[in-house]
Amino acid sequence: MSDKKKRIGILTAGGDCPGLNAAIRGVGKTAIIDHGMEVIGINSGFLGLINKEYIPLTEENLSGIITLGGTILGTSREKPYKKKRNGVLVVDKPKLIVDHYKEMNFDCLVVIGGNGTMSTAHRLSEEGLNIIGIPKTIDNDVWGTDNTFGFDSALSIATEAIDRLHTTANSHRRTMVIEIMGHHAGWLTLYSGMASGGDVILIPEIPYNMKKVAKCLEERVKNGKPFSIVVVAEGIKHPKKAHAANYIAQQIQELTGLETRETILGYIQRGGSPTATDRILATRFGTYAADLIVNENYGQMVIEDQGAIHHRPLSEIGGKTRLVPTDHELIQQLRKMGACFGD
Ligand code: F6P
């Protein structure tokens, strides 16, 4: 292990989420205060490393950011390994990243992102860069970790939104369909559906049948329940080029004649200040990442496993997605209470 003062870069990539600043602060403060490292922030994800856009991170500019949503470094969906349609890389972005990493004399690059980012991180570590990954996303779908930060904050927002739909649904005796984010995974829909007492919960992992959904809503009416809440994941399969909520609402109206309205919650789920749980998880991930760097244990992603923070090789993570198992405890409990999954 070298005694030389280490110089590290940090970037945030992919969609933003609450808790990114807490993670940047966790890595940065531990690296500076406990390990005497020099810390450089890279702007706008991998784009900043391609375009050489950096800012030094100090105790001063890392102060007061734990409460802030978004990311002080900015982010982008830049995928350096993505080829153009004809199969060629027009600019060799991975080479630029490797060159600029060397030019900056980095000892390690901390990459905070979701599944796509972890795949890129793995490929860069195969090119010889020292990389540590930290998982984040409101979707909670990063393979290899029980939780990502961002999820808890998005869950609170989604739950509050559905709570608000309850009162207006009740007043008007309507069926309310709400679309929740989550990309190909149903975590946010399942959890917010449970927390808010959703009557129908549709997630990509459980194929649904519209006739069964309709039957279940009609049963509720028969049983004297004047309104219903249908929580739908954005990633469910459907035949229309429309939002999932638009399709489901239109189908419900057509099949049942019930007065139905839809809401697409969208980016509100990703914005704003992180919850205490997300701040704590992000900070724990960040400090653990700085400790991995001290030990020169590179090529790893920080994970949460049954409440404890550990790490796993990036080589195991890349290219996988953590989906909801169809026998998940929450699904079983919700079924026992009469919730409908459309199957
Ligand atoms: O991965 C987070 C996420 O918010 C997903 O839930 C959603 O599908 C996607 O990002 C939206 O991406 P964009 O920010 O590129 O519109």
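The values are calculated or read from the model by the stated rules, or taken from the named source; none is laboratory data. Please read these numbers as outputs of a predicted model, since none were measured by experiment. Because the Cβ atoms are built from the backbone with ideal geometry, glycine has one as well, and the counts that use them run over all protein chains shown.
A few comments on the model shown:
- Criterion violated by Leu20 - all others in (1) surrounded by fewer than 24 Cβ atoms within 10 Å (Cβ to Cβ); (2) within 16 Å of the ligand (Cβ to nearest atom) satisfied: (1)
Per-residue answers, yes or no, for (1) within 16 Å of the ligand (Cβ to nearest atom); (2) outside any helix (DSSP H, G or I); (3) of a type in the set (Lys, Arg):
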| site | (1), (2), (3) |
| --- | --- |
| Leu165 | no, no, no |
| Glu179 | yes, yes, no |
| Leu190 | yes, no, no |
| Ile229 | no, yes, no |
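- For the stretch 231-266, a residue qualifies if it is touching a Gly at 6+ places or on another chain (Cβ under 9 Å) and surrounded by fewer than 16 Cβ atoms within 10 Å (Cβ to Cβ), but none of them does.
- Lone qualifier among Tyr298, Tyr288, Tyr247 - being among the hydroxyl-bearing types (Ser, Thr, Tyr), under 17 Å from Gly28 (Cβ atoms) and more than 16 Å from the ligand (Cβ to nearest atom): Tyr288
- Residue match in the stretch 203-225 (condition: small (Gly, Ala, Ser), under 24 Å from Arg322 (Cβ atoms) and either outside any loop (DSSP other than H, G, I, E, B) or away from the ligand (no atom under 14 Å from the Cβ) (or both)): no
- Index of the failed condition, Gly36 passing every other in (1) part of a helix (DSSP H, G or I); (2) under 18 Å from Thr287 (Cβ atoms); (3) free of Cβ contacts under 8 Å to residues at least 60 places away in the same chain: (1)
- Hey, Ser125 more than 16 Å from the ligand (Cβ to nearest atom), of a type in the set (Ser, Thr, Tyr) and either closer than 26 Å to Thr12 by Cα or touching a Cys at 6+ places or on another chain (Cβ under 6 Å) (or both) or not: yes
- A search for C-beta distances below 7 Å between a residue of the stretch 4-21 that is more than 15 Å from Thr287 (Cα to Cα) and modelled with pLDDT of 95 or more and any residue that is of a type in the set (D, E, K, R) and assigned to a strand (DSSP E or B), counting only pairs 6+ apart in sequence or on different chains, returns Arg7/Glu38; Cys17/Lys136.
- Contact map, the stretch 283-308: first residue closer than 23 Å to Arg123 by Cβ, second residue among the hydroxyl-bearing types (Ser, Thr, Tyr) and surrounded by 13 or more Cβ atoms within 10 Å (Cβ to Cβ), Cβ cut-off under 6 Å, separation 6 or more or different chains; pairs are Gly299/Ser125; Val302/Tyr288; Ile303/Thr145.
- Only listed residue being within 22 Å of Asp291 (Cβ to Cβ) and within 19 Å of the chain's Cα centre (by Cα), chosen from Ile42, Ile112, Ile32, Ile72: Ile112
- Residue match in the stretch 47-69 (condition: touching a Lys or Arg at 6+ places or on another chain (Cβ under 8 Å), crowded, with 24+ Cβ neighbours inside 10 Å and closer than 21 Å to Ala121 by Cβ): no
- Every residue from the stretch 108-137 that is surrounded by 19 or more Cβ atoms within 10 Å (Cβ to Cβ) and either over 17 Å from Gly299 (Cα atoms) or among the charged types (D, E, K, R) (or both): Lys136, Thr137
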